[in-house]
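Input: a single structure, listed below in structure tokens.
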Amino acid sequence: MSQDLLLQPNLGVSAPGKNSRDSVVYTVEQLNIHIRQTLENQLGVIWLQAEISNFKPHSSGHFYFSLKDSKAQISAIMFRGHNSKLKFKPHDGLEVVVRGRITVYEPRGTYQIVCESMEPVGAGALQKQFEQLKEKLKMEGLFEASRKKAIPPYPKHIAVVTSPTGAAIQDILNIMRRRARNVEITVVPALVQGAGAAPSLCEAFLKAQQLPVDVIIIGRGGGSMEDLWAFNDEKLARLIAGAEIPVISAVGHEVDFTICDFVADLRAPTPSAAAELVSKSSVEVAQRLVQLESALKVSIQKIIKFKMQILILNSRRLIDPKRKLQDYFFRNDELYSRLEQAMRMQILHLRKDVQILEKKLVPPNEVIEKLRTRMERGRLKLIQQFQTRLANKWKAIERVNGLLDGMSPLRVVDRGYSIATTATKAVVKSVKTVKRGDLIDIRVADGTIKTEVKEVLNLKSDSKTEE
């Protein structure tokens, strides 16, 4: 199958009236996908030395920055899963060496490098010393793969040069008990940190070489460059390189590298990984048998090979889910940045509105003074209205008093009349209410006359009433 066929986009349409390959009409999306696949397939992993600029750690945890030299620059990104392993903080102006892949962000049609690792250039005295010793031993050929010895697949006796109290030896022993209980393990104690660690490691390594072992594991758990510095000792490196017994270096974590890692016959990312490398479990043996059985089925392999070719062809037409996820990361960060900008603008507008309202606000003392003046006016108005209504009420009372006074019996008495009342103070309105001998009070204008009834005359019958 030709390369032209592999690069031919199958989503394009032919231009009217043309049949040649150059007549294929792309959409923008198809063109960006094609460019992306071409760059990723042809360049793969690259190393780049440049200076960091426009560095911006996003709130999502990803790093966005540019890598530049004196004549050009390229956009770069380092996702949270990779930058969390860095042992330094990147910043503008820092010269670094990065390892990554060139990719294209399809929505914008821009290319960039997705960094997977980063190391500073000239990271201090220890780093320089490390690089100088590394270059020296490399020039002597101590790192050559041709001089490295193969690790026995089924060792019977293993020596471990490490601290007897550290977490590394416990991890190794736990894995060996679980995977290969038949393997004998001898721990050769040594200091793994501090000023006397390097001589202690050299002495312990010499003792390990005198034991009847199949493999020597030398290492410790993770730490800073200073903590692991004993494993960069030149004497220890030459002892490991000259050992007749295969040596596995298991220092620190996966991202840590020491001189021992380069001169040893095999580097394990961690002490636990070293234990797994030298211990073959029953599951791994069974898997090996399955692989040997599969190797005998040549005819099936031919079919698999043919299917693999079809799979490769189809895989180039598909979008890698990891790359698609990275696009979503880009889009998410972009939207988040836009949201932050919009929120900042909204807060700015609200702040301006608050400032305008603050200018319109009247000081509290002025408000109190105005309210006090208004209350005083209201109080005076209320007093005036109360006095007016009180005067009106007094006038109404005087009018009623005049009417009552005019209707009072006493006024009749003042005009020359009199009022007769019995001993019980009842007004005598009829001759029937009195009899001869009753005592009667007669009220006149200037006093009261007490009299006794001598005779009662009924005017209607013109007769005397005697009792």
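Quick check on this structure: which one of ASN392, ASN314 is of a type outside the set (D, E, K, R) and surrounded by 10 or more Cβ atoms within 10 Å (Cβ to Cβ)?
ASN392
Tell me which residues, restricted to the range 269-286, are of a type in the set (S, T, N, Q) and either surrounded by 11 or more Cβ atoms within 10 Å (Cβ to Cβ) or modelled with pLDDT of 90 or more (or both).
Scanning the range 269-286 gives THR270, SER272, SER279, SER281.
Looking at (1) farther than 19 Å from GLU254 by Cβ; (2) touching a Leu at 6+ places or on another chain (Cβ under 8 Å), which is the one condition that is false for GLY141?
Going through (1) farther than 19 Å from GLU254 by Cβ; (2) touching a Leu at 6+ places or on another chain (Cβ under 8 Å) one by one, GLY141 breaks only (2).
If I go through the range 32-73 residue by residue, how many of them are without any contact (Cβ under 8 Å) to a residue 24 or more places away in the chain and of a type outside the set (Ser, Thr, Tyr)?
Just the residues of the range 32-73 that are without any contact (Cβ under 8 Å) to a residue 24 or more places away in the chain, to begin with: 42, 56-57, 61, 66, 68-73.
When the remaining residues are screened for being of a type outside the set (Ser, Thr, Tyr), the result is 42, 56-57, 61, 68-69, 71-73.
Number of matching residues: 9.
Which ones in the range 434-459 are under 14 Å from THR424 (Cα atoms) and assigned to a strand (DSSP E or B)?
If the condition is that a residue be under 14 Å from THR424 (Cα atoms) and assigned to a strand (DSSP E or B), then LEU439, ILE440, ASP441, ILE442, LYS450 are the ones that fit.
Are there any pairs with C-beta distances below 6 angstrom linking a residue in the range 421-432 that is assigned by TED's automatic domain parsing to the domain that holds VAL456 to a residue that is surrounded by 14 or more Cβ atoms within 10 Å (Cβ to Cβ), with the two at least 6 apart or on different chains, and if so which?
THR421/ASP441; VAL427/THR421; VAL428/ALA420; VAL428/VAL434; VAL431/VAL456
Hey, can you tell me all the residues within the range 181-213 that are in contact with a helix residue (DSSP H, G or I) (Cβ under 8 Å, 6 or more places away or on another chain), at pLDDT below 90 and farther than 20 Å from ASN232 by Cα?
Passing the criteria: only VAL183.
Let's see how each residue does on (1) touching a helix residue (DSSP H, G or I) at 6+ places or on another chain (Cβ under 9 Å); (2) not assigned by TED's automatic domain parsing to the domain that holds ASN174:
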{"site": "VAL263", "(1), (2)": "yes, no"}
{"site": "PRO269", "(1), (2)": "no, no"}
{"site": "GLN291", "(1), (2)": "no, yes"}
{"site": "LYS305", "(1), (2)": "no, yes"}
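So LYS85 ticks every box in (1) at pLDDT 85 or above; (2) under 20 Å from THR270 (Cβ atoms); (3) loosely packed, with under 15 Cβ neighbours inside 10 Å but one. Which box is left unticked?
The number of the failed condition is (1).
Name the pairs whose Cβ atoms lie under 9 Å apart, with the first residue in the range 140-154 and over 12 Å from LEU266 (Cα atoms) and in the same structural domain as PHE262 (by TED's automatic domain parsing), the second outside any loop (DSSP other than H, G, I, E, B) and among the aromatic types (Phe, Trp, Tyr), and 6 or more positions between them or separate chains?
Once the first residue is over 12 Å from LEU266 (Cα atoms) and in the same structural domain as PHE262 (by TED's automatic domain parsing) and sits in the range 140-154, its partners that are outside any loop (DSSP other than H, G, I, E, B) and among the aromatic types (Phe, Trp, Tyr) give LEU142/PHE262.
Condition test on HIS91, is it assigned to a loop (DSSP other than H, G, I, E, B) and at pLDDT 85 or above?
Working: assigned to a loop (DSSP other than H, G, I, E, B): yes; at pLDDT 85 or above: yes.
So HIS91 fits the description; yes.
Please name all residue pairs, on different chains or six or more residues apart, with Cβ atoms under 8 Å, provided the first residue is in the range 203-220 and is outside the structural domain of PRO164 (by TED's automatic domain parsing) and free of Cβ contacts under 8 Å to residues at least 40 places away in the same chain and the second residue is charged (D, E, K, R) and surrounded by fewer than 23 Cβ atoms within 10 Å (Cβ to Cβ).
Qualifying pairs under 8 Å: none.
Out of all the residues in the range 32-44, is one or more more than 25 Å from GLN127 (Cβ to Cβ) and within 23 Å of the chain's Cα centre (by Cα)?
No, because not a single residue in the range 32-44 is more than 25 Å from GLN127 (Cβ to Cβ) and within 23 Å of the chain's Cα centre (by Cα).
For TYR336, are the conditions met, namely being at pLDDT below 85, under 21 Å from the mean Cα position of the chain (by Cα) and not aliphatic (A, V, I, L, M)?
No; evaluated as a whole, the condition is false for this residue.
Suppose the filter is under 22 Å from SER337 (Cα atoms), touching a Leu at 6+ places or on another chain (Cβ under 8 Å) and assigned to a strand (DSSP E or B); does LEU48 pass it? Walk me through how you get there before you give the answer.
On the way: under 22 Å from SER337 (Cα atoms): no; touching a Leu at 6+ places or on another chain (Cβ under 8 Å): yes; assigned to a strand (DSSP E or B): yes.
Judged against the criteria, LEU48 is not a match.
This table checks each residue for (1) touching a Ser or Thr at 6+ places or on another chain (Cβ under 6 Å); (2) within 30 Å of THR38 (Cβ to Cβ); (3) in the same structural domain as SER70 (by TED's automatic domain parsing).
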position	(1), (2), (3)
ILE102	no, yes, yes
GLN112	yes, yes, yes
GLU131	no, no, no
LYS136	no, no, no
PRO164	no, no, no
VAL192	yes, no, no
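Given PHE330, PHE306, which one is surrounded by 11 or more Cβ atoms within 10 Å (Cβ to Cβ) and of a type in the set (Phe, Trp, Tyr)?
Exactly one residue qualifies, and that residue is PHE330.
Pull up the range 214-257, narrow it to residues that are in a loop (DSSP other than H, G, I, E, B) and among the acidic types (Asp, Glu), then point me to the one that is farthest from LYS136 (Cα to Cα).
The qualifying residue farthest from LYS136 (Cα to Cα) is ASP214.
Between residues in the range 311-330 that are farther than 17 Å from ILE113 by Cβ and residues that are exposed (fewer than 12 other Cβ atoms within 10 Å of the Cβ) and not basic (Lys, Arg), which pairs lie under 9 Å by C-beta distance while being six or more apart or on different chains?
These pairs meet every condition: LEU313/MET1; LEU313/LEU5; ARG316/ASN41; ARG317/ASN10.
Being touching a Phe, Trp or Tyr at 6+ places or on another chain (Cβ under 7 Å), part of a helix (DSSP H, G or I) and surrounded by 12 or more Cβ atoms within 10 Å (Cβ to Cβ) narrows it down to one residue among LYS138, LYS134; which is it?
On the way: LYS138 fails: touching a Phe, Trp or Tyr at 6+ places or on another chain (Cβ under 7 Å).
Exactly one residue qualifies, and that residue is LYS134.
Of the conditions (1) in a helix (DSSP H, G or I); (2) exposed (fewer than 10 other Cβ atoms within 10 Å of the Cβ); (3) at pLDDT 80 or above, GLY406 clears all except one; give me its number.
Just one mismatch for GLY406, condition (3).
The values are calculated or read from the model by the stated rules, or taken from the named source; none is laboratory data. These numbers were taken from a predicted model, which means no experiment stands behind them. Don't worry about glycine lacking a Cβ; one is built from the backbone with ideal geometry, like all the others, and counts go over all protein chains shown.
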